[in-house]
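Data block below; observations after.
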Amino acid sequence: MDENLIRKLEILAESAKYDISCASSGTTRKNRDGGIGSAHGWGICHSFTADGRCVSLLKIMLTNYCMFDCAYCINRHSNDIPRAGFTPKELANLTIEFYRRNYIEGLFLSSGIIKNADHTMERMLRVVTLLRNEHHFNGYIHMKAIPGASDELIAQAGLLVDRLSVNLEIPTERNLKLLAPDKDHQSIYQPMRHIQQHMLENIEDRKKFRSAPKFVPAGQSTQIIIGATDENDQQILQLTSKLYKRPSMKRVYYSGFVPVNSYDKRLPVTQEVPRTRENRLYQADWLLRFYQFDVNEIVNDEHPDLDLSIDPKLSWAVRNPHYFPVDVNRDSYQQILRVPGIGVKSAKLIVSARRHRKLNLDALKRIGVVLKRAQFFIICHEMKSFKLQDASPEYIKLSLQDTVRLTGPVSEQQSQQQPQQQPQQLAMVW
Ligand code: SF4
């Protein structure tokens, strides 16, 4: 490969690494005759580097030149760093070459802003147009939509890529203005709204014309930086909850602040956001999406921040002892789902298995229930006593803290890691 191209690749892959909103999911586009690649989930989403980052996508910026000067970003205009830019053709060819060599299965494309939002989007659009229409590439493509980009360009991009994302970055307008004076929430929410509107229209179109092309079949995602500003977990999760109420929003990613511009006085002096906070937010996010929790049950005025010592589900359970015991042989699926140590799969299995026999501790263990946690909150057949009565919340917290394991990342829901850090992560023990 041309040395100049290799140098560009080094610079632009390095520049892209702080954007973590690139996990792919939810799309099943097949290869077509004469094309290459497919976007089946199993080919894409389950490859992570040792530090938890998805590597099956070529994660790259079209250019790291940027006219904006966001305080938290390595690529900001005022930083003296190596700069480079691909032509759309170079990047499309590179993607295809990497795909053919089996290095990657898809592309995650972002860019610094050059000239203006539309000019930047047009160049990115050119890359994906070349890939889809000239190279007939059917692999997964996730493209960043540039804040302030026109609806027309969003509409074109959405028909070519699997996922579009617009990063919120800073949860409140006040702090966004402080750290990224060139941006505002309006310019971020507007493309989000356009994506959603086109997705909804596309659903209607496809009801009438089944062959109509899909618009961003994997939906949209966004990223919030945690710890660069003073928002508490309640503010962050309230925002997340609102975002998930939009039917097109598939994932919110939480990126612990990495002090790449430590000389900037607007940024916090702390070196790093505790990794645990990032993980607790992902766990709370999981409760919102799959465990039917309302955000105010997880964080509220009394508990504005997540407890870092235990996961949010256990934290809710010890704060709400009146909810327990849950009788696994009688109570509803929704009630069983709230028990720490019982996940979605186990709750479904319990409801199904109890139709045939009364479940005791052995049966629950076989189903996959983590009894060390669940035992405090349930009653079942042959269980001698309800343990929560005999144990204080503090005792339960203390005894279950020991069960929080540190492991390597294992799956998409366990979040993405900050770059270049040890692969320590809290296991999801639900
Ligand atoms: S717009 Fe801001 S966050 Fe995006 S590349 Fe430019 S400086 Fe970085």
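Solvent-accessible area assigned to carbon and sulfur over region 199-265 amounts to 54 percent, based on a 1.4 Å probe.
The aspartates and glutamates within cross-link reach of K8, meaning a Cα-to-Cα straight distance under 13 Å and a gap of 8 or more places when in the same chain, are E90.
Restricting region 298-404 to trypsin sites (Lys or Arg not before Pro) that sit in a DSSP loop and have at most 16 other Cβ atoms within 10 Å of their own Cβ leaves R330, R355, R357, K358, K384. Straightening the chain between S332 and E97 buys 79.3 nm, computed as 0.36 nm per residue apart minus the Cα-Cα spacing.
Given a cut-off of 27 Å, what percent of all Cα-Cα pairs of region 69-225 lie beyond it? Tail of the P(r) past 27 Å holds 27 percent of the pairs.
Looking at region 91-176, the trypsin sites (Lys or Arg not before Pro) that sit in a DSSP loop and have at most 12 other Cβ atoms within 10 Å of their own Cβ are R101, K115.
Ranked by accessible surface with a 1.4 Å probe, highest first, in what order do R206, R277 come?
R206, R277
When restricted to Cα atoms, region 338-381 yields an Rg and a Dmax of 9.3, 25 Å, respectively. In this structure region 301-382 gives 49 Å² per residue of accessible area when probed at 1.4 Å with all protein chains present.
Using 19 Å as the cut-off for backbone N distance, which residues of region 338-372 belong to the label zone defined by a point 7 Å from the Cα of S385 along Cα→Cβ? So the set is 361, 372. For region 2-298, the residue among H136, Q292, I114 whose Cα projects farthest onto the positive side of the dipole built from Cβ charges is H136. Candidate cross-link partners of K242 among the lysines, defined by an alpha-carbon separation under 23 Å and a same-chain spacing of 8 or more, comprise K144, K177, K183, K250, K313. Each Cα pair of region 2-298 feeds into the Kirkwood radius, which the Stokes-Einstein equation turns, at 25 °C and 0.890 mPa s, into a diffusion coefficient of 125 µm²/s. Expressed as a fraction of 2.2 N^0.38 Å, the value expected for a compact globular protein of N residues, the C-alpha radius of gyration of region 121-199 is 1.20. By the rule of a C-alpha distance below 19 Å, with chain neighbours fewer than 8 residues away ignored, the aspartates and glutamates paired with K358 are D327, D331, E382.
The values are calculated or read from the model by the stated rules, or taken from the named source; none is laboratory data. This one's a predicted model, so the numbers in the text were calculated from it and none came from an experiment. Here Cβ is always computed from backbone atoms with ideal geometry, including for glycine, and neighbour counts include all displayed protein chains. Ligands, DNA and RNA are stripped out before the accessible areas are found, and what is left, the full protein with its side chains, is counted by its heavy atoms. Shrake-Rupley method; radii C 1.70, N 1.55, O 1.52, S 1.80 Å.
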